[in-house]
Amino acid sequence: MTAPAPLMSLVWTDHVTGRQGFLVVDRLVRGVASGGLRMRPGCMLEEVAGLARGMTMKEALHYDPEARYVPLGGAKGGIDCDPQDPAAYGLLVRYLRAMRPYIERFWTTGEDLGLSQDLVDRAAAEAGLVSSIQAVYPLLDDEAAARRRLADAFAVEVDGIGLDELVGGCGVAESVLAALDRAGVPYPGTRVAVQGLGTMGGATARFLSRAGLTVVAVADIKGTIANPAGLDVEALLAARDGYGTVDRRVLGPGDRELTGDAWLSADVEVLVPAAVSYAIDTTNHDRIRARWIVEAANMPVLPEAEELLAGRGVTVLPDVVVNSGTNAWWWWTLFGDIGADAEEAFGYIRGRMRALIGLVLARADADGTTPRAAAHALVTDRLPVIADRFGWYR
Ligand SMILES: NC(=O)c1ccc[n+]([C@@H]2O[C@H](COP(=O)([O-])OP(=O)(O)OC[C@H]3O[C@@H](n4cnc5c(N)ncnc54)[C@H](O)[C@@H]3O)[C@@H](O)[C@H]2O)c1
């Protein structure tokens with residue numbers, strides 16, 4: 001699909017630090033666009049535009065004419081700063097204040113790389129916003145009940161982790177399991193390496209290890225932790241700080257500390273990049289030994305690298321499908337397709353992700369393309385259907 005120019009893109013410069021922030025609205029549907037906010041040093045407008053386009057695709061892929069939730073458009077925000085910088089929180093508040101008219105009217109946002117939802121909520125309140133998703137409230141039938149349902153869902157915890165931080169990884173893990181099932185590969189003995197042990201990587205590691213796979217390597221900002229016999233995923237999850245950095249004091253006797261990029265060449269069947277964009281490129285793709293790369297992160301595999309990987313039989317399950325569970329869960333909950341219950345949420349996500357992966361892989365087989373090209377083809381089919389029902393700009 002050739003990407004049309006976004007509806008709106010803007011660059012904001014902080015008057016205190018001189019740092020930049022970005023907002024890209026790829027398109028509006030029913031007058032609203034959905035997409036998280038990331039903070040990382042080096043964040044660029046081009047990256048945010050790609051992410052916003054991805055959000056349009058995720059919204060379209062989950063279109064179900066029978067559901068209460070019907071899609072929004074896609075958007076994304078980004079701030080060029082290290083989230084652990086002492087100036088980061090003040091910058092976040094000023095960015096949200098500057099973006100306040102957009103958030104009040106048409107951009108619903110939430111956590112992404114570098115930011116937790118708690119932090120976004122706190123900064124949004126300080127910036128004078130009712131909520132980071134208030135633009136969607138006019139679309140709700142019963143706003144009070146919907147907001148209560150979402151707040152209740154955010155209060156649910158499962159074994160020490162909030163439901164909101166588990167749903168995305170549940171969807172990623174289910175995508176892996178669906179691909180393994182399709183290929184007839186049993187879960188026990190299947191090895192996994194994950195880059196990033198924050199919201200997405202942490203939950204993916206939990207669900208895959210609970211399904212019987214062996215997580216042999218995880219990386220965070222400090223480096224890779226590996227154990228060919230399998231890591232104690234729950235111990236590592238419990239030892240994370242608010243940024244997804246693992247306290248190394250909990251490492252077991254067989255665990256080894258390796259370099260930051262060692263996760264990439266781990267001897268595994270499944271590789272899950274769940275941290276930064278652009279992690280796999282033409283300079284490092286040949287070190288990958290996995291059969292599947294499952295994009296929990298947004299845009300971790302560059303197109304030229306994907307082509308080379310496809311050429312040697314490595315399948316990339318694309319971000320727009322695999323990590324779409326978090327965004328969809330917010331809306332399924334808010335619009336009332338599901339309640340504030342972990343088992344109901346996991347069951348719904350599993351069903352929907354399996355159906356979506358099945359559709360994408362079948363389309364890829366039929367068209368003789370990659371799963372990413374197949375997902376894009378599905379989006380190309382669906383966008384006009386959505387536009388016919390809701391109008392292009394209403
Ligand atoms: N949080 C969400 O709701 C959500 C939803 C869909 C997709 N995503 C995508 O998933 C990815 C991760 O987001 P998140 O919210 O889990 O982030 P996070 O901030 O919760 O965690 C990021 C993790 O990656 C690690 N990390 C950061 N830079 C690294 C590097 N250079 N090398 C190795 N590890 C590194 C951090 O230490 C941390 O463990 C992003 O690409 C994001 O866009 C997030």
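The values are calculated or read from the model by the stated rules, or taken from the named source; none is laboratory data. Keep in mind that this is a model prediction, so the values were computed, not measured. Because the Cβ atoms are built from the backbone with ideal geometry, glycine has one as well, and the counts that use them run over all protein chains shown. Side chains are part of the model used for accessible areas, which takes the heavy atoms of the whole protein and leaves out ligands, DNA and RNA. Shrake-Rupley method; radii C 1.70, N 1.55, O 1.52, S 1.80 Å.
Considering only DSSP beta bridges whose two residues both sit in region 21-123, what percent are antiparallel, to the nearest 5? Bridges in region 21-123 that DSSP calls antiparallel: roughly 40 percent. Surface calculation, 1.4 Å probe, protein heavy atoms: Tyr89 sits at approximately 60 Å² accessible. Counting only protein heavy atoms and a probe of 1.4 Å, the accessible surface of the chain is 52% carbon and sulfur.
If both residues of a DSSP beta bridge must be in region 77-225, then about 50% of such bridges are antiparallel. Averaged per residue, region 157-303 has 37 square angstrom of accessible surface, using a 1.4 angstrom probe with ligands and nucleic acids left out. Computed over the chain, the per-residue total of -39500 (n - 2.57) for DSSP H runs of n ≥ 4 gives a 222 nm mean residue ellipticity of -13000 deg cm²/dmol, rounded to 500. Remark on region 187-242: ratio of C-alpha radius of gyration to 2.2 N^0.38 Å is 1.00. Peptides 154-161, 73-80, 106-113 ordered by packing proxy, namely the average of other Cβ atoms within 10 Å per residue, highest first: 73-80, 106-113, 154-161.
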